[in-house]
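In what follows, a structure is listed as structure tokens, so that the remarks can point back to it.
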Amino acid sequence: VLYSDINKTEIPNDLLTEIIPGFCNSFDKFQEISLINSIEQNIDVENELIIVFNKNNSELINRLKDKYPKIKSYQISNNDKEEFVKSVLGITNSERRFKLIDRLDPSNNIQHYPRIRKDFSSILFLINSKEAQKLIPYFRNYAVNINYYSKADILYDKYEYKKILDYEDISIPVNPKLFPDELFSFNEINDAKFSLVNSLASEFIRPLFV
């Protein structure tokens, strides 16, 4: 069977970041649009959202700052991850205030329970899988009853199921049907990015051969 170049359809090298023929946006861009739309519909972005991001997402952050100049955003650092989380959540300031008070009268034996800041209700993660595995457990430990959002990037690595239980209830704009059931089996080391690319490829190729 011969196919002319005119009718040739090329599969992108990267099904996650490049636009698949027949679609308006890449899978990655679709996630971004879906996330922002969902957040905008549910909260006051400038007054309720904290964004934790890496340098690869700086462009998106700049676009959001153009739209929401007062948005609270924090680029992750290579320093101690727990100290970074405590700083973002305001716990470091709470501990600092307690130390100042305690110096005034050390004999009081005041019990101190650090409080997180009160000027947010939601956190958006724009980070990769390795960063997520180090940061998210600390956020979930210190900040309960908070809405969490993320792109599927936090799953794009090999991981053990039991190590990502902290991802429960994080809103990720991906149809679960794109992931095989066995991906989330206990005690297995899985690669969500590999499975997702395979699913996207099969969805793309199937219409070409039916």
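The values are calculated or read from the model by the stated rules, or taken from the named source; none is laboratory data. In this text, all values refer to a predicted model and were calculated from it rather than measured experimentally. All Cβ positions, even for glycine, are placed from backbone atoms using ideal geometry, and neighbour counts span all protein chains on display. What goes into the accessible areas is simple: the full protein's heavy atoms, side chains included, and nothing from ligands, DNA or RNA. Shrake-Rupley method; radii C 1.70, N 1.55, O 1.52, S 1.80 Å.
Brief remarks on what is shown
- The number of residues in region 62-78 being under 25 Å from ILE19 (Cα atoms) and surrounded by 18 or more Cβ atoms within 10 Å (Cβ to Cβ) comes to 1.
- So ASP169, is it at pLDDT 90 or above, in contact with a strand residue (DSSP E or B) (Cβ under 8 Å, 6 or more places away or on another chain) and open to solvent by 40 Å² or more (accessible area, probe 1.4 Å): no
- Residue within region 90-109 that is farther than 16 Å from SER150 by Cβ, touching a helix residue (DSSP H, G or I) at 6+ places or on another chain (Cβ under 8 Å) and at pLDDT 90 or above present: yes
- Residue check for SER58: surrounded by fewer than 16 Cβ atoms within 10 Å (Cβ to Cβ) and either touching a residue at least 12 places away in the same chain (Cβ under 8 Å) or among the hydrophobic types (A, V, I, L, M, F, W, C) (or both): yes
- Condition met for ASN78 (over 30 Å from ARG140 (Cβ atoms) and at pLDDT below 85): no
- Residue list for region 1-50, restricted to those being part of a helix (DSSP H, G or I), at pLDDT below 90 and either surrounded by fewer than 12 Cβ atoms within 10 Å (Cβ to Cβ) or at positive phi (or both): ASP5, ILE6, ASN7
- Residues being out of contact with any strand residue (DSSP E or B) (no Cβ under 8 Å at 6 or more places or on another chain), under 22 Å from GLU131 (Cβ atoms) and of a type in the set (A, V, I, L, M) - total across region 36-78: 1
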